[in-house]
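S.K.: This structure is in structure tokens; I'll ask about it shortly.
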Amino acid sequence: MNKVLLITGGASGIGAETARRAAARGYKVAINYRSRDAQAMGLAADIAARNGEAIALPGDMSKEADIVRLFDETEKILGSVTHLVNSAGIGAGSMRVQDFDGPSLQRLFAVNVVGLMLCCREAARRMSTKPRGPGGHKGGAIVNVSSMAGTIGGRPGASHYAASKAAVDSFTMGFAKDVALEGIRVNTVRPGMVLTEMTEDRLKDATFRAGIEATIAMGRVGEAHEIAEAILWLLSDEASFISGAMLDASGGNFVFWKK
């Protein structure tokens, strides 16, 4: 089977690490990015230098036209999309409910929820084994990257972000049921705090990091490669009977006491 993997938000962090490891396992990889063009192109070049096949494609996950074009261009260059990782996501900073503003919330949900759902729509249309519309393909696998924040309402000041990730979890469960008879598996990986470009500035603060690690059962933050391995397992045939599942990659989940 020609394995073509599209990764949204693939230029950095968990997405980039997933791209590297997927290419090493024989996937053709499309790396989507919004603004990190140098990183995305550098990653694609690095994969090519290691005898892999990868392309870098721009696209804003808050824009439906960009999403459709992203899938079209991936298929034109690499072939039919067989695997999808929805890794693109944004935060909106620490914000108490009293300070919410409409545009910030709309942007947050446009990327983290609506954009992800539209990517899943495009994947379903192109993967479904049912001969309806552009369907009639050979199925596929999708992993949505959520967050443990969605399970507890987020840390202080992050209820808006947590709500967007809880929406991803709920959607994944429903979507998985909708396409279970169409050869498509859909699962979610829920990372805890992971060291990436998005979190490294905050984690440089030793006091902040110690406070975070005190709430993780294993006593440490995660690494991007640890989440990537969980994603790749769910994409693989080894997980052939798993769909609609939430895989927590969180170091043993949250605890609320210091050891």
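The values are calculated or read from the model by the stated rules, or taken from the named source; none is laboratory data. Owing to the predicted nature of the structure, the values given are computational and were not obtained by experimental measurement. Here Cβ is always computed from backbone atoms with ideal geometry, including for glycine, and neighbour counts include all displayed protein chains. Heads up: the accessible areas ignore ligands, DNA and RNA and are worked out on the full protein's heavy atoms, side chains in. Shrake-Rupley method; radii C 1.70, N 1.55, O 1.52, S 1.80 Å.
S.K.: Roughly how big is the range 155-225's charge dipole about its Cα centre, with Cβ charges of +1 (Lys, Arg) and -1 (Asp, Glu), in debye to the nearest 20? Present the calculation step by step, with values, prior to reporting the outcome.
M.R.: Working: 9 positive and 9 negative charges, 38 e Å.
Computed charge dipole of the range 155-225: roughly 180 debye.
S.K.: Express as a percent, rounded to the nearest 5, the fraction of DSSP beta bridges in the chain (both residues included) that run antiparallel. Each step should come with its number before you reach the end.
M.R.: Values: 1 of 31 bridges.
If I count the DSSP bridges inside the chain, around 5 percent turn out antiparallel.
S.K.: Could you provide, to the nearest whole Å², the per residue accessible area of the chain with probe 1.4 Å?
M.R.: Numbers: 12170 Å² over 259 residues.
For the chain, the solvent-accessible area averages 47 Å² per residue.
S.K.: So what are the range 50-109's ellipsoid semi-axes, whole angstrom, largest first, if each one is the square root of 5 times an eigenvalue of the alpha-carbon gyration tensor?
M.R.: Working: eigenvalues 213, 36, 14 Å².
One finds semi-axes of 33, 13, 8 Å for the range 50-109.
S.K.: Quick one: net charge of Val189's neighbours, Cβ under 12 Å, K/R +1, D/E -1? Show your work: numbers first, answer last.
M.R.: Working: positive: Lys165, Arg190; negative: Asp169, Glu226, Glu229, Asp248.
Net charge in that neighbourhood comes out at -2.
S.K.: Tell me, what ³J(HN,Hα) does each residue in the range 223-234 have, in order and in whole Hz, if you take phi through Karplus 6.51 cos²θ - 1.76 cosθ + 1.60 with θ = phi - 60° and put x for Gly and Pro?
M.R.: 10, 4, 5, 5, 6, 4, 5, 5, 4, 5, 5, 5
S.K.: With all pairs of different alpha carbon atoms counted, what Kirkwood hydrodynamic radius in Å does the range 68-202 show?
M.R.: Details: mean 1/r = 0.0627 Å⁻¹.
When all Cα pairs of the range 68-202 are included, the Kirkwood radius is 16.0 Å.
S.K.: Let me ask something additional. Based on alpha-carbon centroids, what's the gap between the range 3-57 and the range 115-174 in Å, whole number please?
M.R.: 20 Å
S.K.: Shifting gears a bit: Grab the chain and count how many Lys pairs have their alpha-carbon atoms under 16 Å apart, sequence gap of 8 or more, or different chains. Display every interim value, and only then the final one.
M.R.: Details: Lys3/Lys28; Lys3/Lys76; Lys3/Lys138; Lys28/Lys76; Lys130/Lys138; Lys130/Lys177.
Qualifying lysine pairs in the chain: 6.
S.K.: Sticking with this structure for a sec: Find the all-direction average of the projected area of the Cα convex hull for the chain, expressing the result in square nanometres with one decimal place. Please report the intermediate quantities before stating the final value.
M.R.: Numbers: hull surface 55.6 nm².
Value for the chain: 13.9 nm².
S.K.: Leaving out ligands, DNA and RNA but keeping every protein chain, what accessible area does Phe109 have, in Å² rounded to the nearest 10, with a 1.4 Å probe?
M.R.: 70 Å²
S.K.: Sum up the charges of everything whose Cβ sits under 13 Å from the Cβ of Glu53, counting Lys and Arg as +1 and Asp and Glu as -1, but leave Glu53 out. The partial results should precede the final answer.
M.R.: Numbers: positive: Lys3, Arg20, Arg25, Lys28, Arg50; negative: Asp46.
Net charge in that neighbourhood comes out at +4.
S.K.: Over the range 97-170, what is the relative contact order in percent, taking alpha-carbon pairs closer than 8 angstrom and at least six residues apart?
M.R.: Values: 72 pairs, mean separation 21.1, N = 74.
Relative contact order, the range 97-170: 28 percent.
S.K.: Kindly provide the helix-only [θ] at 222 nm of the chain, computed as the sum of -39,500 (n - 2.57) over DSSP H runs of four or more divided by all residues, to the nearest 500 deg cm²/dmol? Could you put the intermediate results ahead of the total?
M.R.: Values: 10 runs with 109 residues, N = 259.
That comes out to -12500 deg cm²/dmol.
S.K.: Can I ask one more? Counting only protein heavy atoms, what percent of the accessible surface of the chain is carbon or sulfur at a 1.4 Å probe?
M.R.: On the way: 6690 of 12170 Å².
Carbon and sulfur: 55 percent of the exposed surface of the chain.
S.K.: Looking at the range 161-259 from every direction and averaging, what is the projected area of its Cα convex hull in nm²? Don't skip to the end; give the middle numbers.
M.R.: On the way: hull surface 29.0 nm².
About 7.3 nm², averaged over all directions.
S.K.: Give the Cα extents of the range 218-259 along the principal axes, in whole Å, largest first.
M.R.: Cα spread of the range 218-259 along its principal axes, largest to smallest: 39, 20, 11 Å.
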